[in-house]
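Readers should treat all values here as calculations from the given coordinates under stated rules, not as data from a laboratory. Not measured: the values here are computed from a predicted model. Neighbour counts are summed over all protein chains in view; Cβ atoms, including those assigned to glycine, are modelled from backbone coordinates with ideal geometry.
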Amino acid sequence: MEEDTQYYHIPVMSQEVLAFLSGIEGIESSVVVDCTVGEGGHSELILKTWNGLTLYGFERDKEILAIAQRRLSPYGSRVVLINDNFKNLWLHCKGKENSIAAFLYDFGISSFHFDGSSRGFAFSKEEKLDMRLDDSSKLSAYDVINNFSENELTVIFSTYGQERWSRRIARRIVQKRDEKPIETTLELAETVVKAIPRQYRVKNIHPATRVFQALRIVVNDELSAINASLKDAIRFLKPGGRIIALSFHSLEDRIVKDRFRRWAKGCSCDNDGAVCQCTGTPLVTVLTKKPLQPKETEIMQNPRSRSARLRVCQKVS
Ligand SMILES: C[S@@+](CC[C@H](N)C(=O)[O-])C[C@H]1O[C@@H](n2cnc3c(N)ncnc32)[C@H](O)[C@@H]1O
């Protein structure tokens, strides 16, 4: 086993994830789906803990999946890795309705993307603006920044970054790119910094954090995939099985919270935003009335875990 291999990413709230998995009856000989394999951190812990368990793993990024493939190879046929978006899980799980013990989601991107992918996810080092996780994204971050209108950029930054200075930032970007295209992360970060009044720059948080988050979400169409995937996952979950979801910003967390709430009330319809007509019995019990957060000790060891929020629901038997 590659015990001394260094990975970029430290799995977040792994003790809590394992504890919720261990509460599922028959977990030791069941099928668990890791919807966001990344470098395989959580997957490896799960496979190590229960040696009769089979793991299906989804990952949309080929490059990081290759790392997971090597890491998980000692587990042989107990691991089935699938290079696809988790929104397509229905395609790969066909025939397994009511049989899967757990779905694990660890949303967003991995430390590998920030530190090792060279695709321009981090504002702290000079890289080309790209941010694509796979070939399904037609647009790169470069295309968005250099071709979208001021209005479109404003909406993106405020909707997906919840950025208070969206309009000013968008205007500054448009002025800057009129001189020459904005090609790199540092050029973009510097443009954003200059657009935010000095007295409103928040200490300890880089002023470009929200803009980079918004771009990544748009380029990879991240949020609609979450909603679509959750709606399908519940069909494949066995009674007593659990969905475990780790979110890293309020937009992700809201989708999970709303979906769990609807299921707990017996709603399984697709009427997002409309009045629900379902009269069914509850589909799940929510096991986390409030989302769990990482312990202080974990945040100290892994500061990137600090924004994590963990929610879990269990399908009713
Ligand atoms: C936070 S990382 C997962 C880390 C992993 N749990 C670990 O412990 O190593 C999230 C991963 O999910 C992948 N991802 C994001 N959205 C996805 C989607 N819609 N379908 C499949 N994979 C996705 C990203 O490429 C990234 O590698």
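Ranked by the mean number of other Cβ atoms within 10 Å of their residues, highest first, the peptides 205-212, 220-227 fall in the order 205-212, 220-227. Sorted ascending by nearby beta carbons within 10 Å, beginning with the fewest, HIS113, HIS42 become HIS113, HIS42. A straight Cα-to-Cα reach below 13 Å connects LYS94 with the aspartates and glutamates ASP232, residues fewer than 8 places away in its own chain not being considered.
Note on SER317 and THR281: their simple-model spin labels are 1.3 nm apart, each label 7 Å out from Cα toward Cβ.
Sorted from longest to shortest, the spans of the Cα atoms of the stretch 144-219 along the three principal axes equal 31, 23, 19 Å. Label-to-label distance for SER250 and ASN151 is 2.6 nm, based on points extended 7 Å past Cα in the beta-carbon direction.
Only the Cβ atoms of Lys and Arg (+1) and of Asp and Glu (-1) were treated as charged; on that basis the dipole of the chain about its Cα centre amounts to roughly 1220 debye.
When each of GLU16, GLU296, GLU28 is scored by the number of other beta-carbon atoms lying within 10 Å, the sequence from fewest to most is GLU296, GLU28, GLU16. By the gyration tensor of its Cα atoms, with a ≥ b ≥ c the square roots of the eigenvalues, what is the shape of the chain: rounded for a/c under 1.5, prolate for a/b over b/c, or oblate? Here the chain falls in the prolate category.
What's the magnitude of the charge dipole for the stretch 160-300 around its Cα centre, counting Lys and Arg as +1 and Asp and Glu as -1 at the beta-carbon? Answer in Debye, nearest 20.
520 debye
What the Cβ-Cβ distance of THR297 and ASN51 gives, at R0 = 22 Å and to the nearest 0.05, is a FRET efficiency of 0.20.
Where only DSSP H runs of four or more residues are counted, the chain gives -12000 deg cm²/dmol as its mean residue ellipticity at 222 nm, each run worth -39500 (n - 2.57). The label point for LYS180 and the one for ILE205, both projected 7 Å from the Cα toward the Cβ, are 3.3 nm apart. Straight-distance candidates among the aspartates and glutamates for linking to LYS125, with alpha-carbon spacing under 19 Å and chain neighbours fewer than 8 residues away dropped: ASP115, GLU183, GLU187, GLU190. Take the Cβ atoms of GLN162 and ASN83, set R0 to 35 Å, and the FRET efficiency comes out at 0.65.
Counting only residues at least eight positions apart within a chain, or on another chain, the lysines with an alpha carbon under 30 Å from that of LYS290 are LYS48, LYS87, LYS203, LYS231, LYS238, LYS257, LYS265, LYS315.
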